[in-house]
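Q: Before I ask anything, let me first share the structure, which is written out below as structure tokens.
The values are calculated or read from the model by the stated rules, or taken from the named source; none is laboratory data. These numbers were taken from a predicted model, which means no experiment stands behind them. Reconstructed Cβ throughout: ideal geometry from the backbone, glycine too, with neighbour counts over all protein chains shown. Ligands, DNA and RNA are excluded from the accessible area calculation, which covers all protein heavy atoms including side chains. Shrake-Rupley method; radii C 1.70, N 1.55, O 1.52, S 1.80 Å.
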Amino acid sequence: MTNDKGSDKRRGSNAKEIDLDPVNGINVNHCKNPRCPSFNVVYTGTSADPNYIRSGTTKATTPYGRKTLNNLGKHAALGTTSMPLFIQCNQCGESPPLKSNHGINEVLKIWAYHPDNDSCPNAACVNHDIPIGTKRAYRRNGRTPAGTVRWLCNACSKSFVERAKLRASRVGEKPYRYEDVIKALANSSPFNRMMEVYGVTPVSIYRYIEKAYKACVRFNAKKRQKISSILSKRGTIYFSTDRQDLFVNWSNREDRSAIPIKATCSADAETGFIYRYDVGVDDKSNQKQIHEESIGNGDIDVANVFRKYPHLFLPSDMGIEVRINSFIEQELIKMKRANPFITEVELAYEEALFRPNIESSSNHIAEGTGLPNNCLLIKEDYQLYGHYFSLRRDIPDDVKVINFSDQESGLRAAFMSAFADKVMTNDAHLFYISYSKKAVREDRERAKRETYLKIKSTTRTHNCDWEASKHILCLDAIQNYTSPIGKWRDHWGIHPLESYSEVEKTFSHQTYQPNQDNDEIAHYLTKASLHYVDNNFMRARRRVSQFERGIPSSASERRIWYGRSFYRPDLVKKTALILTTYLNYCVANSGNTPAQRLGITKGAVRLKDILNS
């Protein structure tokens, strides 16, 4: 790969060393091609590394990206060209962008929030992960006015309580409406209707959501150990992963930019149980303070990997992101006009090549969107890494991992890093799943009918049962791969098991190895579907009125505003967890809840029992 103007390609003794030390077992800077000898061989950060060549600028990049763009000509809005820092594998030529291990770990810390303190809350203290009760780590330090035991850390002298007592209800509050309000929230009731029906105030609703969020965090934390035990007994976990866009109304009347929030979800492909529904919001950090600190220490002028907060969107990043995404959108429109028959799979590969950071989606921050004033957004590439590493820590080591995901480079890169050890031992597999997003009812009914007839015909021809017929059809699909597609020459096949929700279904095995058993892969393909994760996104929009899509209009200059949407991004994060817990444990579908089908519970859990955790 040759230099572009403005890039700072470093080779030999003049190359600047980068601190890429692993953080809590996280080290993602390596080749992510599972068929390459350098797969999972980490980059040392020095010029003497025999496996990689580092390229790109150490400064904040101008909004232009990879060499491929030069073939299409420069866009007037983009200015000079430069490339973000990346490494190029000497074996296979794959060139993943450099990521901050520290930044990924910070995302994990944000999502590891627990309302109670079972150890020192000071993240910099040596006792931060040492639980209360450990000898010589803590000592009692009296009680609070409410009677709660106060603890003192012997290492940093931090005083804290394990769990604060709930305050008494105030005049005008109706604590007996707590469960009613939360159930209404999860059943598409806007705030105005809650106030009208239950006679509660907006302040009470916000307090109930906060209280329910903490209760759900406690409840899910208690169930996590049992989930790990169940997965160990099953031996294999099949789950699907995809991303969702949620919007928050603007809080600045002068700007009027909708606030985009990315959510990443993973659902069990057999039971529909939602393992994680992570929302890319940091509601604990001070936005103004972090931005001023980034200006003061010069972070806004250096490459993302050098920053103290590489995982967070700063206001200074907005202009670049908007210009890049506008350019990519225009180029994709040109490609569609030039070739009306280009497939969605081919278009996705071309779109990925346009990005300066190939692991970050190009539609997060776009024209007409902005950043919140009261919290920070997490960058999507770091959010995807955090999501998969969170799953990796929850899944036992003795469990095989089979993941079905949307066609997205960021999802692939995060999976290959989080499960690299399992990929090398053939214990983790990733499949891209793609299907038509434009199918109408007639297409859906036809696909469902044809799949039924195909399976029925196979059972008669081979004199086998229904599941064996599906296995035979998937085995034939593997042996009839289409020609390679895209720059990376990925093989795609037509999936024989279409459904009402997945029409014109295709697949690509991203962890393919020549020595793998096709019978084993065919078995995995019989379960390949994004149905449950897409169904969760649909239920989120239907069950929470604040998650419904806003409708842009020409009168409002295509700005999106929806009267029922939240004005606070932190409420999106809290409501998402409340809804996920409610659907997993309380709502029965086809007779059982997802938690029952997975084996976590023996029956539906009462919402009251969750809210009182």
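Q: Just one of (1) modelled with pLDDT under 80; (2) part of a loop (DSSP other than H, G, I, E, B); (3) open to solvent by 40 Å² or more (accessible area, probe 1.4 Å); (4) farther than 23 Å from residue 416 by Cβ trips up residue 7, so point out which.
A: Condition not satisfied by residue 7: (3).
Q: For a quick check of your reading: which helices (runs of 4 or more DSSP H) sit entirely within segment 248-359 and have at least 1 residues that are in contact with a Phe, Trp or Tyr (Cβ under 8 Å, 6 or more places away or on another chain), at pLDDT below 85 and surrounded by 14 or more Cβ atoms within 10 Å (Cβ to Cβ)? Don't jump to the end; show me each part of the working.
A: Working: elements: 287-296, 318-338, 344-354.
In segment 248-359, 318-338, 344-354 are the helices (runs of 4 or more DSSP H) which contain 1 or more residues that are in contact with a Phe, Trp or Tyr (Cβ under 8 Å, 6 or more places away or on another chain), at pLDDT below 85 and surrounded by 14 or more Cβ atoms within 10 Å (Cβ to Cβ).
Q: So the check is Cβ under 9 Å with 6+ separation or different chains; which pairs have a first residue in segment 37-48 that's on the phi > 0 side of the Ramachandran plot and a second one that's of a type in the set (Asp, Glu)?
A: Matching pairs, first to second residue: 40/421; 45/17; 45/19; 45/21.
Q: Do any residues in segment 292-316 that are more than 16 Å from residue 373 (Cβ to Cβ) have Cβ atoms under 7 Å from those of residues that are assigned to a strand (DSSP E or B) and open to solvent by less than 10 Å² (accessible area, probe 1.4 Å), where the two are at least six apart or on different chains, and which pairs are they?
A: Note: pairs meeting the criteria are 311/378.
Q: Can I ask one more? Residue 92 is checked against (1) at pLDDT 90 or above; (2) in a helix (DSSP H, G or I); (3) open to solvent by 20 Å² or more (accessible area, probe 1.4 Å) and fails just one. What number does that condition carry?
A: Looking at each condition in turn, residue 92 falls short on (2).
Q: Separate question: Could you look through segment 120-143, keep only residues that are over 28 Å from the mean Cα position of the chain (by Cα) and of a type in the set (Gly, Ala, Ser), and pick out the one that is nearest to residue 155 (Cα to Cα)? Explain how you work it out, then say what you get.
A: So the first thing to find is which residues in segment 120-143 are over 28 Å from the mean Cα position of the chain (by Cα), and the list is 120, 125-127, 130-143.
Imposing the further condition that a residue be of a type in the set (Gly, Ala, Ser) reduces the set to 133, 137, 142.
Values: 133: 14, 137: 7, 142: 18 Å.
It comes out as 137.
Q: Could you list, in sequence order, the residues of segment 399-450 that are more than 26 Å from residue 230 (Cα to Cα) and polar (S, T, N, Q)?
A: 407, 409, 434, 436
Q: With respect to residue 594, is the statement that it is open to solvent by less than 30 Å² (accessible area, probe 1.4 Å), at pLDDT below 95 and not hydrophobic (A, V, I, L, M, F, W, C) true? Please lay out each step first, then the result.
A: Values: open to solvent by less than 30 Å² (accessible area, probe 1.4 Å): yes; at pLDDT below 95: no; not hydrophobic (A, V, I, L, M, F, W, C): yes.
So residue 594 fails the test.
Q: What is the residue count in segment 206-247 for residues that are surrounded by 18 or more Cβ atoms within 10 Å (Cβ to Cβ) and assigned to a strand (DSSP E or B)?
A: The total comes to 10.
Q: Exactly one condition in (1) under 19 Å from residue 275 (Cα atoms); (2) in contact with a Cys (Cβ under 8 Å, 6 or more places away or on another chain) is false for residue 398; which is it?
A: Against the list (1) under 19 Å from residue 275 (Cα atoms); (2) in contact with a Cys (Cβ under 8 Å, 6 or more places away or on another chain), residue 398 comes up short only on (2).
Q: List, please: which pairs have Cβ atoms under 7 Å, are six or more places apart or on different chains, and start with a residue in segment 221-237 that is in contact (Cβ under 8 Å) with a residue 40 or more places away in the chain and end with one that is part of a helix (DSSP H, G or I) and loosely packed, with under 13 Cβ neighbours inside 10 Å?
A: none
Q: Only one of 381, 406 is modelled with pLDDT under 95 and out of contact with any Ser or Thr (no Cβ under 7 Å at 6 or more places or on another chain); which?
A: 406
Q: Does any residue of segment 432-455 turn out to be at pLDDT 95 or above and closer than 25 Å to residue 41 by Cβ?
A: Yes, there is a match, as at least one residue in segment 432-455 is at pLDDT 95 or above and closer than 25 Å to residue 41 by Cβ.
Q: For the structure I just gave you, tell me whether residue 536 is closer than 22 Å to residue 111 by Cα and either at pLDDT 95 or above or among the polar types (S, T, N, Q) (or both). Step through it out loud before you land on a result.
A: Details: closer than 22 Å to residue 111 by Cα: yes; either at pLDDT 95 or above or among the polar types (S, T, N, Q) (or both): yes.
Against the criterion (closer than 22 Å to residue 111 by Cα and either at pLDDT 95 or above or among the polar types (S, T, N, Q) (or both)), residue 536 qualifies.
Q: Out of segment 360-379, which residues are open to solvent by less than 20 Å² (accessible area, probe 1.4 Å) and more than 21 Å from residue 288 (Cα to Cα)?
A: 361, 362, 364
Q: While we're looking at this one, here's another question. Which of (1) open to solvent by less than 40 Å² (accessible area, probe 1.4 Å); (2) over 30 Å from residue 355 (Cβ atoms) does residue 523 not meet, given it meets every other one?
A: Against the list (1) open to solvent by less than 40 Å² (accessible area, probe 1.4 Å); (2) over 30 Å from residue 355 (Cβ atoms), residue 523 comes up short only on (1).
Q: Identify, please: which residue in segment 491-520 is touching a residue at least 60 places away in the same chain (Cβ under 8 Å) and not in a loop (DSSP other than H, G, I, E, B) and is, among those, most open to solvent (accessible area, probe 1.4 Å)?
A: Step by step, filter segment 491-520, then rank; the result is 506.
Q: Still on this model: Does residue 553 fit the bill of being in contact with a Lys or Arg (Cβ under 9 Å, 6 or more places away or on another chain), open to solvent by less than 30 Å² (accessible area, probe 1.4 Å) and modelled with pLDDT under 85? Write out each step before concluding.
A: Values: in contact with a Lys or Arg (Cβ under 9 Å, 6 or more places away or on another chain): yes; open to solvent by less than 30 Å² (accessible area, probe 1.4 Å): no; modelled with pLDDT under 85: yes.
Taking the combined requirement at face value, the residue does not satisfy it.
Q: Test of understanding: among 63, 34, 50, 84, which residue is assigned to a loop (DSSP other than H, G, I, E, B), modelled with pLDDT of 90 or more and crowded, with 17+ Cβ neighbours inside 10 Å?
A: Values: 63 fails: modelled with pLDDT of 90 or more; 50 fails: crowded, with 17+ Cβ neighbours inside 10 Å; 84 fails: modelled with pLDDT of 90 or more.
Result of the check over 63, 34, 50, 84: 34.
Q: Follow-up question, since we're still on this one. Can you say whether residue 544 is crowded, with 18+ Cβ neighbours inside 10 Å, touching a helix residue (DSSP H, G or I) at 6+ places or on another chain (Cβ under 7 Å), at pLDDT 90 or above and within 30 Å of residue 605 (Cα to Cα), as far as the supplied structure shows?
A: Here the answer is yes, as residue 544 does meet what is asked.
Q: Output yes when any residue across segment 521-536 is in a helix (DSSP H, G or I) and within 16 Å of residue 572 (Cβ to Cβ), and no when none is. Break it down into steps so the answer makes sense when it comes.
A: Our first condition is that a residue be in a helix (DSSP H, G or I); within segment 521-536, this holds for 521-525, 531-536.
Restricting the remaining residues to those that are within 16 Å of residue 572 (Cβ to Cβ) gives 536.
Yes, segment 521-536 has at least one match.
Q: Test of understanding: among 418, 414, which residue is closer than 27 Å to residue 350 by Cα, modelled with pLDDT of 95 or more, under 11 Å from the mean Cα position of the chain (by Cα) and among the hydrophobic types (A, V, I, L, M, F, W, C)?
A: On inspection, the qualifying residue turns out to be 414.
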